[in-house]
Structure formats: structure tokens, C-alpha cells
Amino acid sequence: MTSENIRILSDLHYGHRASRVRSLAGLRPLFDGADRIVFNGDSIETRPGGDPRLTARLRNHFLEFVRREIPRCVLLTGNHDADLSEHHHLDLLGGLVFVTHGEVLFEDLVPWSAEQPRIAELYRRQLAALTPEEYRVLESRLAACKRACAQLQVLHDPLPRGRWQQTIRTARIFWPPRRALAMVRAWRELPERVAAVVHGYRPAARFAIVGHTHLPGVWFRDGIVVVNTGSFSPPLGGYAVDVSPEQVVVRRVRHQAGRFTLGRVVASYALAPTRDGSEASSAAVAGFAPAP
């Protein structure tokens with residue numbers, strides 16, 4: 001059995017004014033000890049905006065960095081980079097671990113967005129175009145949600161600016177108040193929504209790893225370990241998840257002086273091998289060890 005360690009990160013939002021990732025080189029310490037890196041959506045901004053050349057430059061810079069630094073990298077799409085790749089989810093360890101960005105969990109994809117009515121309508125149109133058979137398949141629903149997200153435009157300049165511009169952006173996040181309330185509701189509902197999707201579409205999975213809501217956390221819901229990897233934006237930060245045939249480990253991502261490193265263990269799960277030792281068993285959660 002090959003013991004490959006896969007490290008999952010999400011929501012870099014590279015190039016966005018709110019992201020702590022100012023230089024991709026600062027991510028290099030996070031690649032140490034990993035055989036493969038998975039970026040689980042919202043790595044960069046690919047939606048059309050006011051400066052298409054800037055969007056293309058950021059995209060090309062990120063893809064070149066990935067090709068050079070992480071040859072065994074998997075790019076999954078999010079709602080901000082819905083066209084970055086053709087991969088919208090991953091099934092790891094024979095289906096024991098399910099990975100996707102997470103916007104598909106919500107009927108309106110991004111319920112706290114200023115564009116919530118429009119994106120909800122775009123998603124409804126995409127779902128309505130599916131056949132009954134396609135509607136019941138997760139891959140079809142994911143593809144529909146990405147097509148809806150790709151039609152949205154960037155409303156604001158994504159580049160880092162001065163303190164006044166940062167203040168305005170922060171105010172927009174929490175105004176009108178319904179946006180803040182929608183965000184809190186999404187945080188509260190996410191674990192149950194993940195468990196429902198897993199039971200409906202991936203019944204063999206015991207772990208589900210998502211991002212999207214920017215709230216890092218680990219929950220146990222209805223037999224499913226739900227991990228949200230947070231983001232590389234303040235104030236809540238993010239997690240990195242290591243998946244190997246032996247264990248699933250969740251660690252805090254630390255940020256200091258432009259560099260990102262692995263911090264303390266938040267949770268760890270030991271996996272027992274199957275009888276033939278080929279891969280982790282779907283009934284193999286040997287224990288949950290939260291960090292002290």
C-alpha cells in the first residue's frame with residue numbers, strides 16, 4: 001500500500017484585497033511533507049471584472065506557480081473561480097473522504113452575497129435545464145452551480161488598497177444587516193447541510209471537507225466528520241487537512257511576516273486498514289482526538 005499524504009487547503013483568494021496571501025512564495029512551507037496538494041476552491045478570482053488583463057495576469061501567475069512548485073496539485077473550483085478547472089469535487093480513500101468547495105450546499109449558493117437574488121435565479125435556471133436523471137446526480141448539480149457562478153461579475157476592485165477602502169469593503173460585508181444574519185445562518189446550518197449531502201450522494205463517506213463560508217471548524221453530524229478549512233483572509237484564518245491511509249489530521253494554518261506554516265493540531269482521526277491492507281475502511285474511524 002502506498003502511503004500518500006494529501007494536503008487540502010482552500011479559499012486563498014489570491015489577488016483579493018482581503019487575502020493575506022500577498023506573495024505565492026509565502027505558501028511554500030505549507031507544501032512540506034505533502035505528496036499532493038489540493039486547493040479546494042476560491043484560490044483566485046476568475047470572474048470577469050473591470051480589468052480583464054488583471055484577471056488574466058493573476059490567473060496565469062497562479063497557474064504557473066502551481067505547475068512549477070507543485071507538480072502533483074489538484075485544483076478544485078469554487079464560486080470565485082468556477083472555470084479554473086474541470087474538477088469540482090474529489091473522492092479520496094476509496095470514497096471515505098469527500099471534498100468539495102461548498103457553495104452547492106445552499107439553494108442560493110452564496111446566501112450572504114450582495115448579489116444573492118441574481119445568483120439564486122441563475123442557479124435555478126441551470127437546475128431547471130437538467131433532466132430528471134441529471135438532477136439526481138451530484139456531478140450534474142455541481143456543474144450547474146459552477147455555470148451559474150461563472151456568470152457573475154466582480155463588483156469591486158479586488159486589489160489591496162488603502163485603509164479607507166478596506167473600511168468601506170468591511171462595511172459592505174455587514175450592510176445591510178440581512179447579509180450578516182445570512183452569514184451567521186450559513187455558519188450554523190453548514191454541518192447539517194454537509195451531512196445531508198453526504199448521506200444523499202456519498203453514503204460511503206465518513207469525512208467531508210469543505211470551505212466557502214470562511215468559518216474554520218470541525219463538527220460531528222449524523223455519523224459524518226465535517227471539516228471547514230476556513231480561509232486565508234482575516235479575521236478567522238484557516239485550517240489545513242492532511243489525508244493519508246493512516247489518518248486524517250486537521251491543523252491550524254499560521255501566518256507571520258508573509259509566510260504560512262502549519263500550526264497546532266485541531267483534530268486527528270486514526271484510520272484502520274482493511275483486512276487486505278489495501279486502503280482505509282469506511283468503518284475505520286478509530287477515534288477522535290481534539291487538540292487540548
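Summary table below
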{"quantity": "Heavy-atom accessible area per residue - the stretch 1-157, 1.4 Å, Å²", "calculated": "43 Å²"}
{"quantity": "Potential extension, residue 67-residue 187 segment - 0.36 nm per residue separation minus Cα distance", "calculated": "39.8 nm"}
{"quantity": "Neighbour-limited loop hits for trypsin sites (Lys or Arg not before Pro), the stretch 10-105 (at most 16 other Cβ within 10 Å; DSSP other than H, G, I, E, B)", "calculated": "17, 22, 72"}
{"quantity": "Stretchable slack from residue 5 to residue 31, in nm (0.36 nm times residue separation minus alpha-carbon distance)", "calculated": "8.3 nm"}
{"quantity": "Sum of side-chain charges, residue 111 neighbourhood, beta-carbon under 12 Å (Lys, Arg +1; Asp, Glu -1)", "calculated": "0"}
{"quantity": "Label point distance in nm, residue 268-residue 23, each placed 7 Å from Cα along Cα→Cβ", "calculated": "3.3 nm"}
{"quantity": "Within the accessible area of the stretch 75-136 (1.4 Å probe), percent carbon and sulfur", "calculated": "50 percent"}
{"quantity": "Using a Förster distance of 35 Å, the FRET efficiency for residue 91-residue 53 (Cβ separation, nearest 0.05)", "calculated": "0.40"}
{"quantity": "Under 15 Å, Cβ to Cβ, from residue 191 - net charge with Lys/Arg +1 and Asp/Glu -1", "calculated": "+2"}
{"quantity": "Spacing of the two label points (7 Å from each Cα toward its C-beta) at residue 140 and residue 118, in nm", "calculated": "2.9 nm"}
{"quantity": "Mean accessible surface per residue for the stretch 193-236, computed with a 1.4 Å probe while every protein chain stays in place, in Å²", "calculated": "34 Å²"}
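The values are calculated or read from the model by the stated rules, or taken from the named source; none is laboratory data. Treat the numbers as computed from the prediction; the structure is a model and nothing was measured. FYI the Cβ positions are ideal-geometry reconstructions off the backbone, even for glycines, and counts take in every protein chain you see. SASA here: full protein model, heavy atoms, side chains in, ligands and nucleic acids out. Shrake-Rupley method; radii C 1.70, N 1.55, O 1.52, S 1.80 Å.
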